[in-house]
Amino acid sequence: MFEVKVLGSGCRNCATTYQLIQDVCEENAIPITLEKVEDLAQIMSYGILSTPGVVVNGKIAHAGGVPDKKAVLSWFKAQCCPGNESCC
């Protein structure tokens, strides 16, 4: 199970990123816990200066702008099935 956090103020891009991650993971049967983080102090603790930011298992995966589906999927492929690009 992956722990995923979307960091941001709650703007449209943050909401879109949250939904995109949820959709990609559901479509590919990738188990996640997904959390929105809107507290500025908590966001700053990750060193994110541009939102939305995405943290996967404690590591920054993305910052600034809405990622595309391919990028979202790539965050999980390397960890869930190293060496097997067709698993997810």
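Read-outs throughout are calculated quantities, based only on the coordinates presented, and are distinct from any laboratory measurement. Computed from a prediction, not measured in an experiment: that's the story for all the values here. In this analysis, Cβ positions are derived from the backbone assuming ideal geometry, glycine residues included, and neighbour counts consider all displayed protein chains.
Annotation: the antiparallel percentage among DSSP beta bridges lying fully within the chain is about 55.
For 7, 49, what's the fewest-to-most ordering of other Cβ within 10 Å of each Cβ?
Exposure proxy ranking, most exposed first: 49, 7.
Can you tell me the orientation of helix 69-80 relative to the chain, as the angle in degrees between its alpha-carbon axis and the longest Cα principal axis, to the nearest 10? Roughly 70 degrees between the two axes. Each Lys and Arg contributes +1 and each Asp and Glu -1, all at the Cβ; summed about the Cα centre of the chain, the dipole is approximately 180 debye.
Modelled spin-label separation between residue 50 and residue 27, with each label point placed 7 Å from Cα along the Cα-to-Cβ direction: 2.4 nm. Annotation: the residues 25, 11, sorted from fewest to most other C-beta atoms within 10 Å of their own C-beta, follow the order 11, 25.
Label-to-label distance for residue 70 and residue 19 is 2.3 nm, based on points extended 7 Å past Cα in the beta-carbon direction. Any idea what angle helix 12-27 forms with the longest principal axis of the chain, computed on alpha-carbon atoms, 0 to 90 degrees, nearest 10? Approximately 20 degrees, to the nearest ten.
Suppose only helical runs count, i.e. DSSP H with n ≥ 4. What mean residue ellipticity at 222 nm does that imply for the chain under -39500 (n - 2.57) per run, divided by all residues and rounded to the nearest 500 deg cm²/dmol?
Details: 3 runs with 34 residues, N = 88.
Helix contribution divided over all residues of the chain: -12000 deg cm²/dmol.
If R0 is taken as 30 Å, the Cβ-Cβ distance between residue 1 and residue 38 corresponds to a FRET efficiency of 0.85.
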